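S.K.: The structure is given below, and queries will be raised subsequently.
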Amino acid sequence: MRIILIALMACGWLAGEAALPGIAAKTTGLSKQPGFVPFFWDGREGRLWLEVNRWNTEFLYVNSLPAGLGSNDVGLDRGRLGDTRVVRFERVGPKVLLVESNYGYRAVSDDAEERRAVRESFAESVVWGFKVEAEENGAVLVDATAFFLRDAQDVTGVLRRTRQGSYQVDATRSALYLPRTRNFPRNTEVEATLTFTGQPEGRFVREAAADARAITVRQHHSFVELPEPGFEPREFDPRAGYFGISFLDFATPVSEPVRKRYLTRHRLPVTYYLDRGAPEPIRTALLKGARWWSQAFEAAGLRDAFRVEMMPEGADAMDLRYNVIQWVHRSTRGWSYGSTVTDPRTGQILKGHVTLGSLRVRQDFMIAEGLLAPYEEGKPVPKAMLEMALARLRQLSAHEVGHTLGLAHNYVSSRQNRASVMDYPHPVVRLGADGGVDLTGAYAEGIGEWDKVAIAYGYGEFPDAGRRRAVLDDAHKRGLHFLSDEDARPEGSAHPYTHLWDNGEDPARELLRLLEVRERALARFSPKNIPLGRPMSTLEEPLVTTYLMHRYQTEAAAKMIGGLEYTYAVRGDGQLVTRMVAPEDQRRALEAVLRTIRPEVLTLPERILALIPPVAQGYDRTREYFPSRSGLTFDPLAAAETAAAHSIRLLLHPERAARLIQYSARDARNPDLVEVIDRLVAATWKRPASKGLAEEVGRVVDNAALLQMMSLAGNEDAAPQARALASVKLQQLGAWLEAQAAANIGRKAHLAYGAQRIRKFLEDPKPPALPKLLEAPPGQPIGSYE
């Protein structure tokens with residue numbers, strides 16, 4: 001009976017298969033494009049049909065966003081890349097499945113059964129299922145329209161997570177985009193216009209979209225043949241400065257690590273192409289900066305290995321055959337990116353895709369406006385401003401291309417004479433002989449010494465791994481090192497010399513120097529900081545960048561306090577493993593940071609305050625301005641609060657507090673948390689009284705110190721001893737405040753209110769109930785990001 005049933009089922013399936021039309025008959029009258037995966041276009045029905053004839057043969061599938069929303073805050077940018085998947089077509093009766101292989105778990109072995117055991121232990125993913133509509137000579141025809149018109153980039157999820165509203169793909173307003181739907185022998189490219197409809201909830205979609213109720217973008221799909229054999233994966237080394245891929249190899253001997261790591265890199269030679277939409281003089285700056293990398297390849301003995309050209313006319317930036325530098329516009333300034341399409345099996349980079357935000361060059365130009373006060377009536381605008389902005393653009397181009405060559409950020413290089421374009425550079429601003437600000441050499445020119453080391457390690461040809469590692473050993477002897485993202489973050493990370501947007505070998509000394517430059521720039525601040533004819537209210541824009549120009553160097557100096565110097569040392573390489581920052585250097589840094597909260601440093605003079613009216617009609621008060629507690633008028637106390645709160649948050653960060661306790665216990669010469677809090681209280685509540693506006697600024701600073709002490713004492717994630725010490729110091733400060741006599745009503749109210757706050761907090765120390773300090777206008781990116 002069972003045999004008969006199976007036979008009947010087989011006959012039924014075969015009969016169904018025989019009933020299918022041939023591909024030629026099914027596609028009569030349709031436009032065919034032969035290529036990697038042949039397809040047919042049905043113009044009457046608006047359908048795209050795939051002819052599938054590659055069974056159980058892996059290839060790459062990538063989706064991307066060639067036309068985006070235009071909002072940095074949402075992130076749906078032109079050129080956004082999706083994941084790289086290794087996929088294959090499998091036929092199961094009337095269905096064709098597009099299956100994603102799971103290369104996170106492997107058995108690199110010649111034993112087929114060993115490989116099968118691993119493959120069956122970890123789930124693969126079926127990306128899509130197609131229905132077979134025709135068949136001929138082992139090939140089948142499937143309707144892929146729904147596959148290409150789906151939300152592969154998760155636009156709806158991005159809009160929801162960024163609180164912009166609930167949207168769905170509107171099929172009636174979506175269609176294939178034929179100008180970018182093409183076929184080639186080794187890749188198939190399909191593009192679609194997708195419209196997402198819904199009710200907007202956030203301002204970002206309203207700012208960027210023509211109609212926030214209907215957001216239309218374009219989505220691109222690439223099917224690409226796997227790279228030809230011959231690429232040799234290269235072992236990942238944490239000291240070399242590369243991104244990497246990793247996987248578990250269960251065929252590894254028990255005596256060796258099961259996790260394998262390869263660095264990511266191109267197969268040479270490699271050519272990059274610049275977006276033809278970049279105008280001059282920006283185009284020349286981008287070309288020049290990107291071409292710096294040829295210096296590194298030539299230094300590694302690799303001539304003609306790297307080139308940058310203009311994009312061929314009519315070429316598609318999302319075509320995986322092109323490494324692209326794209327010039328992207330957004331409604332607000334934002335980060336630039338270097339993304340890649342990388343073979344997850346080997347680490348081979350198949351496509352580098354750079355996204356450069358166009359507004360950021362204008363931000364550098366505005367920084368120069370704030371520093372130079374350049375608009376003298378009857379005189380030409382100094383060329384130094386544009387030269388500085390273009391110099392930053394050259395560096396930015398090199399930086400993002402570096403990411404697409406496989407390189408990670410190297411944030412310690414600013415201490416090594418600007419040894420890498422993979423750092424985030426703050427402009428080096430000096431005082432000239434005339435007492436004015438000098439922007440000469442604000443940004444470095446050319447590739448850095450560390451960059452040459454990294455390219456030599458990742459791309460150079462060596463007889464063995466030992467010779468390759470010798471490249472790093474030699475670099476370390478020359479004082480060149482690599483430290484990256486987690487080591488550089490201002491809040492929590494401990495390395496004293498690894499920062500974003502800093503300069504100089506000694507962070508504390510550089511902070512003091514930069515405060516002098518800031519003081520001189522503010523002394524010259526005047527209507528000449530904006531062009532003739534521009535509303536006076538726009539003076540606040542260059543004032544923000546000048547007033548807060550020390551913010552990142554403050555972060556750098558603060559990291560010396562409770563700081564730990566270290567490297568990515570491996571056993572036997574002779575590098576420093578760990579070393580606490582010397583006690584005297586920690587105390588110098590503490591004094592430098594405390595200088596940033598002095599009332600005389602934060603108080604703007606009356607002559608500047610008199611220049612800034614409320615925002616002019618037709619102009620907007622944006623997040624690039626200081627917050628205000630005084631309504632439409634400029635609020636100098638709010639400006640001071642943002643700067644002071646920034647510095648004090650750094651000093652009393654919970655993780656820094658924990659390190660101060662630990663390091664002073666290990667070595668009593670180190671400053672402890674009590675010393676830091678005492679110095680903060682002495683510099684705020686207990687400092688000599690000021691006069692006039694400076695006195696009110698001082699009270700704002702006092703309040704910021706008090707709230708941050710409370711925040712530390714009430715932080716349930718902070719170390720218990722840090723909370724205990726902060727609580728004791730609050731009790732002591734409260735007692736001191738209650739014992740003080742006041743000569744005037746203003747000071748009496750200030751002292752009494754501080755004491756009252758402390759009493760109330762100690763009774764119920766809940767940080768969420770604390771008033772929030774004002775946040776500074778966004779600083780990053782001041783010219784770059786990852």
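S.K.: Being modelled with pLDDT of 95 or more, within 30 Å of G22 (Cα to Cα) and either among the β-branched types (V, I, T) or open to solvent by 70 Å² or more (accessible area, probe 1.4 Å) (or both) is true for just one of V108, V118, V126. Which residue is that? Spell out the reasoning first.
M.R.: Details: V108 fails: within 30 Å of G22 (Cα to Cα); V118 fails: within 30 Å of G22 (Cα to Cα).
Selected residue: V126, the only one of V108, V118, V126 that is modelled with pLDDT of 95 or more, within 30 Å of G22 (Cα to Cα) and either among the β-branched types (V, I, T) or open to solvent by 70 Å² or more (accessible area, probe 1.4 Å) (or both).
S.K.: Now for a different question. Is there any pair linking a residue in the stretch 251-268 that is over 26 Å from L350 (Cα atoms) to one that is in a strand (DSSP E or B), with Cβ under 6 Å and at least six apart or on different chains, and which?
M.R.: Taking only residues 6 or more apart or on different chains, the pairs are V258/L248.
S.K.: Considering every residue within the stretch 609-618, establish whether at least one is open to solvent by less than 10 Å² (accessible area, probe 1.4 Å) and part of a helix (DSSP H, G or I).
M.R.: Scanning the stretch 609-618, I find no residue that is open to solvent by less than 10 Å² (accessible area, probe 1.4 Å) and part of a helix (DSSP H, G or I), so the answer is no.
S.K.: Here's a follow-up. Of all the residues that make up the stretch 571-600, how many are open to solvent by 30 Å² or more (accessible area, probe 1.4 Å) and within 29 Å of L693 (Cβ to Cβ)?
M.R.: Qualifying residue count for the region: 4.
S.K.: Right, here's the next one. What about I367, is it open to solvent by less than 30 Å² (accessible area, probe 1.4 Å) and farther than 26 Å from T545 by Cα?
M.R.: On the way: open to solvent by less than 30 Å² (accessible area, probe 1.4 Å): yes; farther than 26 Å from T545 by Cα: no.
Spelling it out, it is not the case that I367 is open to solvent by less than 30 Å² (accessible area, probe 1.4 Å) and farther than 26 Å from T545 by Cα.
S.K.: Just to be sure I understand, how many residues within the stretch 1-30 are modelled with pLDDT under 95 and either surrounded by 11 or more Cβ atoms within 10 Å (Cβ to Cβ) or under 21 Å from A146 (Cβ atoms) (or both)?
M.R.: Result for the stretch 1-30: 4.
S.K.: Looking only at the stretch 542-589, how many residues end up being within 24 Å of the chain's Cα centre (by Cα) and of a type in the set (D, E, K, R)?
M.R.: Residues flagged as within 24 Å of the chain's Cα centre (by Cα) and of a type in the set (D, E, K, R) within the stretch 542-589 amount to 3.
S.K.: Which numbered condition trips up A210, out of (1) open to solvent by less than 30 Å² (accessible area, probe 1.4 Å); (2) outside any strand (DSSP E or B); (3) aliphatic (A, V, I, L, M)?
M.R.: (1)
S.K.: Can we say S64 is open to solvent by less than 10 Å² (accessible area, probe 1.4 Å), out of contact with any Cys (no Cβ under 8 Å at 6 or more places or on another chain), in contact (Cβ under 8 Å) with a residue 12 or more places away in the chain and outside any strand (DSSP E or B)?
M.R.: Details: open to solvent by less than 10 Å² (accessible area, probe 1.4 Å): yes; out of contact with any Cys (no Cβ under 8 Å at 6 or more places or on another chain): yes; in contact (Cβ under 8 Å) with a residue 12 or more places away in the chain: yes; outside any strand (DSSP E or B): no.
The answer is no for S64.
Matching residues to (1) within 18 Å of G448 (Cβ to Cβ); (2) crowded, with 16+ Cβ neighbours inside 10 Å:
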residue	(1), (2)
F297	yes, yes
D304	no, no
M310	no, no
E313	no, no
L320	no, yes
W327	no, yes
T332	no, yes
Y337	no, yes
V341	no, yes
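S.K.: Can you name the residue in the stretch 40-61 that is under 17 Å from A139 (Cα atoms) and acidic (D, E) and is also surrounded by the most Cβ atoms within 10 Å (Cβ to Cβ) among such residues?
M.R.: Only one residue tops the list, namely E51.
S.K.: While we're on this one: Which one of the conditions (1) more than 19 Å from A419 (Cα to Cα); (2) buried (at least 23 other Cβ atoms within 10 Å of the Cβ); (3) of a type outside the set (G, A, S) does F525 fail to meet, given that it meets all the rest?
M.R.: All conditions are met except number (2).
Rundown of residues vs (1) touching a Phe, Trp or Tyr at 6+ places or on another chain (Cβ under 9 Å); (2) without any contact (Cβ under 8 Å) to a residue 60 or more places away in the chain; (3) outside any helix (DSSP H, G or I), yes/no style:
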site	(1), (2), (3)
M560	yes, no, yes
V570	no, no, yes
D573	no, no, yes
R588	no, no, no
V593	no, no, no
I597	no, no, yes
V601	no, no, no
L604	yes, no, yes
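S.K.: Mind listing just one residue for me: the one in the stretch 619-630 that is closer than 19 Å to K772 by Cβ and more than 28 Å from the chain's Cα centre (by Cα) and, of those, most open to solvent (accessible area, probe 1.4 Å)?
M.R.: So the residue we want is R629.
S.K.: Now a separate question. Checking R267 against (1) closer than 25 Å to P425 by Cα; (2) over 25 Å from the mean Cα position of the chain (by Cα); (3) surrounded by fewer than 22 Cβ atoms within 10 Å (Cβ to Cβ); (4) not acidic (D, E), which test does it fail?
M.R.: (1)
S.K.: Filter the stretch 642-680 for residues that are assigned to a helix (DSSP H, G or I), more than 14 Å from P490 (Cβ to Cβ) and open to solvent by less than 10 Å² (accessible area, probe 1.4 Å) and give the result.
M.R.: Correct list: T642, A643, A644, A657, L660, L673, V676, I677, L680.
S.K.: Please enumerate the residues belonging to the stretch 658-689 that are in contact (Cβ under 8 Å) with a residue 12 or more places away in the chain, under 20 Å from L733 (Cα atoms) and of a type in the set (G, A, S).
M.R.: Of everything in the stretch 658-689, those that are in contact (Cβ under 8 Å) with a residue 12 or more places away in the chain, under 20 Å from L733 (Cα atoms) and of a type in the set (G, A, S) turn out to be A683, A689.
S.K.: What tally of residues in the stretch 43-58 results from selecting those that are outside any loop (DSSP other than H, G, I, E, B) and farther than 15 Å from F147 by Cβ? Show your work before the answer.
M.R.: To start, the set of residues in the stretch 43-58 that are outside any loop (DSSP other than H, G, I, E, B) comprises 47-52, 55.
Now narrow it down to the ones that are farther than 15 Å from F147 by Cβ: 55.
Here the count works out to 1.
S.K.: Moving to a separate point now. Please go through the stretch 241-271 and pick out each residue that is of a type in the set (G, A, S), in a strand (DSSP E or B) and touching a Ser or Thr at 6+ places or on another chain (Cβ under 9 Å). If you could, list the steps in order and put the result at the bottom.
M.R.: Kept after step one, since they are of a type in the set (G, A, S), are these residues of the stretch 241-271: 241, 244, 246, 251, 255.
Filter once more, so that each one left must be in a strand (DSSP E or B): 244, 246.
Passing the criteria: only G244.
S.K.: Would you say G734 is surrounded by 13 or more Cβ atoms within 10 Å (Cβ to Cβ) and modelled with pLDDT of 95 or more?
M.R.: Values: surrounded by 13 or more Cβ atoms within 10 Å (Cβ to Cβ): yes; modelled with pLDDT of 95 or more: yes.
When the stated conditions are applied, G734 passes them.
S.K.: While we're here: In the stretch 220-229, is there at least one residue being open to solvent by 70 Å² or more (accessible area, probe 1.4 Å), part of a loop (DSSP other than H, G, I, E, B), of a type outside the set (D, E, K, R) and at pLDDT below 95?
M.R.: yes
S.K.: Taking the condition touching a helix residue (DSSP H, G or I) at 6+ places or on another chain (Cβ under 6 Å) and open to solvent by less than 10 Å² (accessible area, probe 1.4 Å), does L725 pass? Give the steps one after another, and end with the answer.
M.R.: On the way: touching a helix residue (DSSP H, G or I) at 6+ places or on another chain (Cβ under 6 Å): yes; open to solvent by less than 10 Å² (accessible area, probe 1.4 Å): no.
Criteria not met by L725.
S.K.: Report every pair of residues separated by at least 6 positions or lying on different chains whose Cβ atoms are under 8 Å apart, first residue within the stretch 19-38 and free of Cβ contacts under 8 Å to residues at least 12 places away in the same chain, second in a loop (DSSP other than H, G, I, E, B) and not aromatic (F, W, Y).
M.R.: K32/P38
S.K.: How many of the residues making up the stretch 180-200 are farther than 23 Å from A146 by Cα and either of a type in the set (A, V, I, L, M, F, W, C) or in contact with a Ser or Thr (Cβ under 8 Å, 6 or more places away or on another chain) (or both)?
M.R.: As a first pass, look at the stretch 180-200 and keep what is farther than 23 Å from A146 by Cα: 185-186, 199-200.
Narrowing the set further to residues that are either of a type in the set (A, V, I, L, M, F, W, C) or in contact with a Ser or Thr (Cβ under 8 Å, 6 or more places away or on another chain) (or both) leaves 199.
Summing the residues that are farther than 23 Å from A146 by Cα and either of a type in the set (A, V, I, L, M, F, W, C) or in contact with a Ser or Thr (Cβ under 8 Å, 6 or more places away or on another chain) (or both) in the stretch 180-200 gives 1.
S.K.: A further question follows. Scan the stretch 143-165 and report the pairs whose first residue is within 24 Å of V52 (Cβ to Cβ) and whose second residue is among the β-branched types (V, I, T) and open to solvent by 40 Å² or more (accessible area, probe 1.4 Å), with Cβ atoms within less than 6 Å and a gap of 6+ or a chain change.
M.R.: As it stands, the answer is D151/V169, since those pairs meet every condition given.
S.K.: Quick check on the stretch 456-499: of everything there that is in contact with a helix residue (DSSP H, G or I) (Cβ under 8 Å, 6 or more places away or on another chain), in a loop (DSSP other than H, G, I, E, B) and more than 18 Å from R415 (Cα to Cα), which residue is most open to solvent (accessible area, probe 1.4 Å)?
M.R.: This residue is E491.
S.K.: I want to confirm something. Restricting to the stretch 404-443 and keeping residues that are assigned to a helix (DSSP H, G or I) and surrounded by 22 or more Cβ atoms within 10 Å (Cβ to Cβ), which single residue is farthest from the chain's Cα centre (by Cα)? Show your work before the answer.
M.R.: Applying the first criterion (assigned to a helix (DSSP H, G or I)) to the stretch 404-443 yields 404, 413-416.
Those still in the list that are surrounded by 22 or more Cβ atoms within 10 Å (Cβ to Cβ) too: 404, 413-415.
Details: T404: 14, S413: 18, S414: 19, R415: 21 Å.
The selected residue is R415.
S.K.: How many residues are under 17 Å from I612 (Cα atoms) and without any contact (Cβ under 8 Å) to a residue 40 or more places away in the chain if we restrict to the stretch 512-558?
M.R.: 3
The values are calculated or read from the model by the stated rules, or taken from the named source; none is laboratory data. Since the structure is predicted, the reported quantities are computational estimates derived from the model, not experimental observations. Cβ coordinates were reconstructed from backbone atoms using ideal geometry, including for glycine residues, and neighbour counts include every protein chain displayed. Surface areas here come from the heavy atoms of the whole protein model, side chains and all, with no ligands, DNA or RNA. Shrake-Rupley method; radii C 1.70, N 1.55, O 1.52, S 1.80 Å.
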